[in-house]
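Engineer: Below is the structure I would like to discuss, written out as structure tokens.
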Amino acid sequence: MDIFAYEFMRNAFAASTIVAVVAGAIGYFLVLRGETFAGHALSHVGFAGATGAVLLGLSPFVGLTAFTLLAGLGISVVGQRANRDVAIGIVLTLSLGLGLLFLHFYTAYAGMATSLLFGNVLGIGQQTVWLLLGMAAVTLAGLALISRPLLFASLQPELAEARGVPLRRLSALFMLIVALATAQAIQIVGVLLVFALMVAPAAAALRLTRRFLSGFLLAIGLAVGIAWLSLLLAYVTDWPTSFWITGLGGLAYALSHLRRL
Amino acid sequence: MSAIAFDGVSITLGDRAVLADVSLAIAPGEFVGVLGPNGAGKTTMMRAILGLTPVSGGRIEVLGAPPRRGNPAIGYVPQFRRTPLPPGITGEELLLSAHRGERWGFPLASASDRTAVAEALARVGAADLARRSVAQLSGGERQRLFIAQAVVGRPQLLLLDEPLISLDPARQRAIVELVRGLSRELGVAVLFSAHEVNPLLGAIDKVLYLGGGRAAIGTVDQVVNDKVLTALYRTPVRVIRADGHVFVHSEAGALDGHDPHDHHEHAH
Ligand SMILES: Nc1ncnc2c1ncn2[C@@H]1O[C@H](COP(=O)(O)OP(=O)(O)OP(=O)(O)O)[C@@H](O)[C@H]1O
Ligand SMILES: [Mg+2]
């Protein structure tokens, strides 16, 4: 196939592979910990950050990353889970509202809104690929460092606390890592659809496996497979890549229910 | 050296004096039943021993040293679990994730980790639970798994917080026998909290009653009688023995279990 004849396609494949590995790995823990909503919200905060940055004449990517990191810290500071969902939801909608206001002031970038919201993987340049690779390395290194106590604390927090795991600090570190991962995923699938790449493959993998390592690797494998297949289908059909990612993610999750637990 | 020594220990949570000037000693290898009504301070006492709750007065020594978080010589089964276990994690996998789970790094189990876990599972007769999904286990099987988890790494002290909750009498007895066997075989001291003394009779070396910030410790005969419990709870308490069972009765309401909101609070 001559699909790789185009540079934008090569970049798209490279970028989505990098991001899918990160999204699958982080997503596994996000689902395990029941914190998927927090991940969803972080990406929306990125929208306000990106549009705000453009208004100030900065790169949207810088604004997006800075805002998701800040929001990651914010979410981990808001301790209890019961009130937390409400707080997260309010920050989420507030961010979209702010993003809308920033866009209102900066009408020149009408197309930017769509690509921010739904992603524009075919528009990714070589430089962004390198940037994503660097960020992915940092994100995965961070995850590798904390994943052992994180797994323990996610499954049995009371016991982990007694064994000396610093629950709050650990949860804050993880949220920062999620924020970094989200900033990368937005490049591919956009603010609104991060869930599809981060949560759907991981949730399916958790249903299909019984061991940590196999579940973790399957989450990554599924995310990468979905990303590749989506690019291929987008190339063939000329429909948006993000649509295929959401569709295949949903399909993978639905199929995982065929297996009795 | 005692396994646990309390010297004039007071613990205040919020504005409540949960323990007030409590002194006691528990010898290595001793199997102690911890009793007392809801809110008596059973969990708080264990958390203090684990170094999770600071004392407001006095001193605690655990195996000859002050309490410290993450002491590997203590095996612990907490009373409450806030998070449900996810589907599709096996018993073995759960124990592996907890074994040295406090260390930084990636959770790859080594061969020695697997041996330690398999040994603990075999010791409590739970080898068959290793490959099953934890989400599917019955209450009794799960409790057995958690006790296996507590003995991974050969601790010298076990803190089991209400492991009999929601088990039927036969399963309760099986867990008590299991713990008694562990205590003998491993020479491990055990604090075992419960709402009812009857399932523990004949198995425990000592009983520790908590109430009103005070504590009474001794053999069942020394403690479970009108005089000692009346003094502890500062309300007339009658102990009736029949058919090898004891019934503890007070005007102010049952002190051993039978608390109306008991069920609700401990439902899983
Ligand atoms: N963080 C806290 N702040 C204030 N009071 C607390 C706190 N934690 C516990 N308490 C109080 O301390 C007392 C002892 O609680 P604890 O959980 O130790 O009782 P328990 O004997 O384990 O009860 P149960 O049988 O219900 O498990 C209770 O009155 C409880 O309300
Ligand atoms: Mg308790």
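The values are calculated or read from the model by the stated rules, or taken from the named source; none is laboratory data. Everything numeric in this text was worked out from a predicted model, so none of it was measured. Cβ coordinates were reconstructed from backbone atoms using ideal geometry, including for glycine residues, and neighbour counts include every protein chain displayed. Heavy atoms of the whole protein, side chains included, go into the accessibility calculation; ligands, DNA and RNA do not. Shrake-Rupley method; radii C 1.70, N 1.55, O 1.52, S 1.80 Å.
Engineer: Under 7 Å between Cβ atoms, at least 6 apart or on separate chains: pull out the pairs that start in the stretch A:120-147 with a residue that is closer than 23 Å to A:R10 by Cα and end on any residue that is surrounded by fewer than 18 Cβ atoms within 10 Å (Cβ to Cβ).
Structural biologist: From the stretch A:120-147, the pairs are A:L122/A:F8; A:V129/A:A14.
Engineer: To continue, here is another question. Counting only residues that are more than 10 Å from every other protein chain (Cβ to nearest Cβ) and crowded, with 24+ Cβ neighbours inside 10 Å, give me the helices (runs of 4 or more DSSP H) lying completely in the stretch A:128-246 with at least 2 of them.
Structural biologist: Values: elements: A:157-162, A:167-189, A:194-198, A:200-208, A:212-237.
Answer list for the stretch A:128-246: A:167-189, A:194-198, A:200-208, A:212-237.
Engineer: In addition: Quick one: in the stretch A:27-85, which of the residues that are assigned to a helix (DSSP H, G or I) and of a type in the set (D, E, K, R) is modelled with the lowest pLDDT? Give the derivation first.
Structural biologist: The initial filter retains those residues of the stretch A:27-85 that are assigned to a helix (DSSP H, G or I), namely A:27-32, A:36-55, A:60-77, A:81-85.
Pick out the ones that are also of a type in the set (D, E, K, R) and you get A:81, A:84-85.
On the way: A:R81: 58, A:R84: 75, A:D85: 79.
Ranking the qualifying residues of the stretch A:27-85, first place goes to A:R81.
Engineer: Please work out which one of (1) open to solvent by 10 Å² or more (accessible area, probe 1.4 Å); (2) polar (S, T, N, Q); (3) within 16 Å of ligand 1 (Cβ to nearest atom) is the condition B:S193 fails and give its number.
Structural biologist: B:S193 satisfies all of (1) open to solvent by 10 Å² or more (accessible area, probe 1.4 Å); (2) polar (S, T, N, Q); (3) within 16 Å of ligand 1 (Cβ to nearest atom) except (1).
Engineer: Would you please list the contacts, defined by Cβ atoms under 8 Å and residues six or more apart or on different chains, that run from a residue in the stretch B:221-240 that is in the same structural domain as B:G41 (by TED's automatic domain parsing) to a residue that is polar (S, T, N, Q) and modelled with pLDDT of 90 or more?
Structural biologist: Cβ pairs passing all conditions: B:V228/B:Q222; B:P236/B:T230; B:V237/B:T230; B:V239/B:N225.
Engineer: Scanning for something within 13 Å of chain A (Cβ to nearest Cβ) and within 26 Å of A:R207 (Cβ to Cβ), does the stretch B:70-81 turn up at least one residue?
Structural biologist: Looking through the stretch B:70-81, at least one residue is within 13 Å of chain A (Cβ to nearest Cβ) and within 26 Å of A:R207 (Cβ to Cβ).
Engineer: Only one residue in B:A25, B:A5, B:A65, B:A20 is within 16 Å of ligand 1 (Cβ to nearest atom) and assigned by TED's automatic domain parsing to the domain that holds B:Y209, so which one is that? Working first, answer last.
Structural biologist: Values: B:A25 fails: within 16 Å of ligand 1 (Cβ to nearest atom); B:A5 fails: within 16 Å of ligand 1 (Cβ to nearest atom); B:A65 fails: within 16 Å of ligand 1 (Cβ to nearest atom).
Residue meeting the stated conditions: B:A20.
Engineer: Enumerate the pairs (first residue in the stretch B:41-54 and at the interface with another protein chain (Cβ under 10 Å from one of its Cβ atoms) and near ligand 1 (Cβ under 8 Å from one of its atoms); second residue anywhere and outside any helix (DSSP H, G or I) and open to solvent by 10 Å² or more (accessible area, probe 1.4 Å)) with beta-carbon separation below 7 Å, excluding pairs fewer than 6 apart on the same chain, so at least 6 apart or on different chains.
Structural biologist: B:R47/B:T53
Engineer: From (1) more than 13 Å from ligand 1 (Cβ to nearest atom); (2) farther than 24 Å from B:P155 by Cβ; (3) touching an Asp or Glu at 6+ places or on another chain (Cβ under 7 Å), pick out the condition that doesn't hold for B:G57.
Structural biologist: (3)
Engineer: Scan the stretch B:147-173 and report the pairs whose first residue is assigned by TED's automatic domain parsing to the domain that holds B:V124 and whose second residue is away from ligand 1 (no atom under 16 Å from the Cβ) and modelled with pLDDT under 90, with Cβ atoms within less than 6 Å and a gap of 6+ or a chain change.
Structural biologist: none
Engineer: Would you check if there is a residue in the stretch B:35-47 being of a type in the set (D, E, K, R), open to solvent by less than 30 Å² (accessible area, probe 1.4 Å) and either in the same structural domain as B:L129 (by TED's automatic domain parsing) or in contact with a Ser or Thr (Cβ under 6 Å, 6 or more places away or on another chain) (or both)?
Structural biologist: Checked against the condition, which is being of a type in the set (D, E, K, R), open to solvent by less than 30 Å² (accessible area, probe 1.4 Å) and either in the same structural domain as B:L129 (by TED's automatic domain parsing) or in contact with a Ser or Thr (Cβ under 6 Å, 6 or more places away or on another chain) (or both), the stretch B:35-47 yields at least one hit.
Engineer: To continue, here is another question. Is it fair to say A:F174 is touching a Pro at 6+ places or on another chain (Cβ under 7 Å) and farther than 22 Å from A:T114 by Cα?
Structural biologist: No, not satisfied.
Engineer: Still on this structure, I have one more. Would a scan of the stretch A:70-83 turn up a residue that is buried (at least 24 other Cβ atoms within 10 Å of the Cβ) and within 24 Å of A:F243 (Cβ to Cβ)?
Structural biologist: no
Engineer: Mind checking whether some residue in the stretch B:201-215 is aliphatic (A, V, I, L, M), more than 21 Å from B:V77 (Cβ to Cβ), within 16 Å of ligand 2 (Cβ to nearest atom) and at pLDDT 95 or above?
Structural biologist: Yes, that holds for at least one residue.
Engineer: Now for a separate question. Could you run through the stretch B:61-89 and say how many residues are at pLDDT 95 or above, among the hydrophobic types (A, V, I, L, M, F, W, C) and out of contact with any helix residue (DSSP H, G or I) (no Cβ under 6 Å at 6 or more places or on another chain)?
Structural biologist: 4
Engineer: If you don't mind, another one. The conditions are (1) outside the structural domain of B:S183 (by TED's automatic domain parsing); (2) under 24 Å from A:L167 (Cβ atoms), and B:Q136 fails exactly one of them. Which is it?
Structural biologist: (2)
Engineer: Return the residue satisfying two criteria in turn: it lies in the stretch B:54-111 and is aromatic (F, W, Y) and open to solvent by 50 Å² or more (accessible area, probe 1.4 Å), and of such residues it is farthest from ligand 2 (Cβ to nearest atom).
Structural biologist: Only one residue fits best here, namely B:F106.
Engineer: Of the conditions (1) assigned to a loop (DSSP other than H, G, I, E, B); (2) open to solvent by less than 70 Å² (accessible area, probe 1.4 Å); (3) of a type in the set (A, V, I, L, M), B:L121 clears all except one; give me its number.
Structural biologist: (1) is the only condition that B:L121 fails.
Engineer: I'd like to verify a number: residues in the stretch B:177-190 that are open to solvent by 10 Å² or more (accessible area, probe 1.4 Å), small (G, A, S) and over 16 Å from B:E119 (Cα atoms), how many?
Structural biologist: 1
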